[in-house]
Amino acid sequence: MPASAPLIDSTQALDVPFAAGIASRVVGVVPVYDPATLAELEGVFGQARLMDLLGHLRIEISQRLGWPDTDRLALRHDAHTLLSVSGSLGFFDLSRCCLEMEQACLLGADLAAPLKAARAAAEGAIAAICAMEAGARPETPLAACAA
């Protein structure tokens, strides 16, 4: 199984479909998810349960991070929730972005950049999960990406 995964651009919302249907966005080398983690989870839970968990993650992501940047308490709660659940399912970039946003909320720092990055990572995660729900395999090689 390849070690690479779809990539996310945390500054733009440009979708680039994989030949096998996995959506990704590219600017550098930040994977949307870790295929090895998903393969391990599939081995533990089975394909059907993994897809159920990913579907719940997709729904959870879609219900979070919609608050204005003035609502630090709600954004901090959303970031904390997504940090945990996305990390446990191998969406490490989203988890990292949510950690940075949670810290910015706690420290009273400017939220513009962390919120933008978290929302971009969330969009990438949703696109990847939707592609997997449509039948694309999480281990689809990055080389299959159409430019």
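The values are calculated or read from the model by the stated rules, or taken from the named source; none is laboratory data. This is a predicted model, so every value here is computed, not measured. For neighbour counting, all protein chains shown are included, and Cβ atoms are generated from backbone atoms with ideal geometry for every residue, glycine included. Heads up: the accessible areas ignore ligands, DNA and RNA and are worked out on the full protein's heavy atoms, side chains in. Shrake-Rupley method; radii C 1.70, N 1.55, O 1.52, S 1.80 Å.
Scanning segment 52-89 for residues that are out of contact with any helix residue (DSSP H, G or I) (no Cβ under 8 Å at 6 or more places or on another chain) and basic (K, R) yields a count of 0. Would a scan of segment 27-42 turn up a residue that is farther than 18 Å from V85 by Cβ, modelled with pLDDT under 55 and more than 13 Å from the chain's Cα centre (by Cα)? Yes, because at least one residue in segment 27-42 is farther than 18 Å from V85 by Cβ, modelled with pLDDT under 55 and more than 13 Å from the chain's Cα centre (by Cα). R119 meets the conditions (1) within 16 Å of the chain's Cα centre (by Cα); (2) free of Cβ contacts under 8 Å to residues at least 12 places away in the same chain in every case but one. The failed one is (2).
Might you let me know whether segment 5-18 holds any residue that is at pLDDT 50 or above, more than 23 Å from A118 (Cβ to Cβ) and out of contact with any Pro (no Cβ under 6 Å at 6 or more places or on another chain)? Checked against the condition, which is being at pLDDT 50 or above, more than 23 Å from A118 (Cβ to Cβ) and out of contact with any Pro (no Cβ under 6 Å at 6 or more places or on another chain), segment 5-18 yields no hits at all.
Could you tell me whether R72 is open to solvent by 10 Å² or more (accessible area, probe 1.4 Å) and over 12 Å from the mean Cα position of the chain (by Cα)?
On the way: open to solvent by 10 Å² or more (accessible area, probe 1.4 Å): yes; over 12 Å from the mean Cα position of the chain (by Cα): yes.
Yes; evaluated as a whole, the condition is true for this residue.
Residue check: G135 meets all listed conditions (1) at positive phi; (2) open to solvent by 70 Å² or more (accessible area, probe 1.4 Å); (3) of a type outside the set (A, V, I, L, M, F, W, C) but one, namely (2).
Exactly one residue out of L65, L57 is more than 19 Å from K116 (Cα to Cα), open to solvent by less than 30 Å² (accessible area, probe 1.4 Å) and aliphatic (A, V, I, L, M), and it is L57.
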